[in-house]
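A short worksheet on the structure shown next.
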Amino acid sequence: MKRGACLFCIFIFILSLFSCSSLGGFQVIGERGRIYRNILSEYYLIGDAYLENKKYTKAIDYYTKALDHPDLYDSAQYKIAYSYALAEQWDKSIHYYKELLEKDPDNSDLEKSLAYVYARQGNLAQSSAMYRKLTEKNPYDQILLENYITVLIAANYLEEAEKVLYQFKIDFPDNTMSEDFDERIKKAWETQEGKPKDESSEENSGGDEGKESTEGSEEQPTEGASLPDKTTPETVSPVAVA
């Protein structure tokens with residue numbers, strides 16, 4: 001009820017700006033531009049309100065209106081990408097995240113978000129490639145490594161998952177996720193090969209020729225693996241900004 005009253009007040013404020021701008025039929029030079037920017041700022045705030053209430057389509061509509069504000073353009077574009085991700089419209093989210101990365105290619109938060117969205121879209125090869133590069137730059141980011149291992153398991157890149165997990169255990173011996181990853185990798189091997197891991201490992205040994213590549217594979221997730229889950233936003237959802 002309070003949120004509805006807040007949105008109503010914002011709309012009344014916008015209407016008052018329009019009425020004041022034409023008071024007496026006289027317009028101060030530059031006043032129209034200032035009023036229009038204020039209106040766009042209010043659109044942005046309305047978008048925030050809808051986003052907080054998980055009304056993603058409405059949020060995107062108002063963030064799109066706010067794109068005309070030069071000082072809010074990048075932020076509004078980010079919120080659009082973020083809202084599309086939360087709405088599970090992966091293709092549109094990827095489009096906006098890629099545009100943002102073209103302007104800010106070293107932004108690791110954008111890269112993390114895009115890697116997450118690729119994983120949720122089902123493009124596990126692209127997601128794992130991005131996570132690999134991110135972990136190379138941030139080798140002690142536990143959450144990032146957890147997401148990388150999760151995607152590797154989901155993509156059936158099990159040898160690589162074991163390799164990353166081995167180092168993960170050394171660097172973070174107290175992390176409780178290690179045991180869970182071990183179990184999921186074991187189940188993934190059994191599902192993939194139809195036999196225990198020890199037997200399937202013999203068939204998959206033999207150096208680089210037998211090693212799975214993390215580039216360009218079209219294999220589907222195994223039953224023993226799971227993708228990053230957006231229900232835990234502090235660890236795996238697209239990165240949010242204020």
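The values are calculated or read from the model by the stated rules, or taken from the named source; none is laboratory data. Keep in mind that this is a model prediction, so the values were computed, not measured. Here the Cβ is made from the backbone with ideal geometry for all residues, glycine too, and neighbour counts use every protein chain on show. What goes into the accessible areas is simple: the full protein's heavy atoms, side chains included, and nothing from ligands, DNA or RNA. Shrake-Rupley method; radii C 1.70, N 1.55, O 1.52, S 1.80 Å.
Assorted remarks:
- Given Lys103/Lys133; Lys65/Lys103; Lys54/Lys133, the pairs whose alpha carbons are separated by over 24 Å: Lys54/Lys133
- For the range 64-131, a crude dipole built from +1 on the beta carbon of Lys and Arg and -1 on the beta carbon of Asp and Glu, taken about the Cα centre, is about 280 debye to the nearest 20.
- Å² of accessible area per residue within the range 48-142, as computed with a 1.4 Å probe and no ligands counted: 49 Å²
- Annotation for Asp61 and Asn107: the two label points, set 7 Å from Cα along the Cα-Cβ direction, are 2.6 nm apart.
- Solvent-accessible area, 1.4 Å probe, carbon plus sulfur percent, for the range 40-150: 44 percent
- Computing FRET efficiency as 1/(1 + (r/R0)^6) for Asp74 and Tyr140, where r is the C-beta to C-beta distance and R0 is 30 Å, gives about 0.55.
- Listed pairs Lys79/Lys137; Lys55/Lys187; Lys92/Lys112; Lys92/Lys186 exceeding 28 Å between Cα atoms: Lys55/Lys187; Lys92/Lys186
- Theoretical gain in end-to-end length, Arg34 to Ala87 [0.36 nm per residue, Cα-Cα removed]: 15.8 nm
- Spin-label model distance (nm) - Lys187 vs Gln167, 7 Å beyond Cα toward Cβ: 2.7 nm
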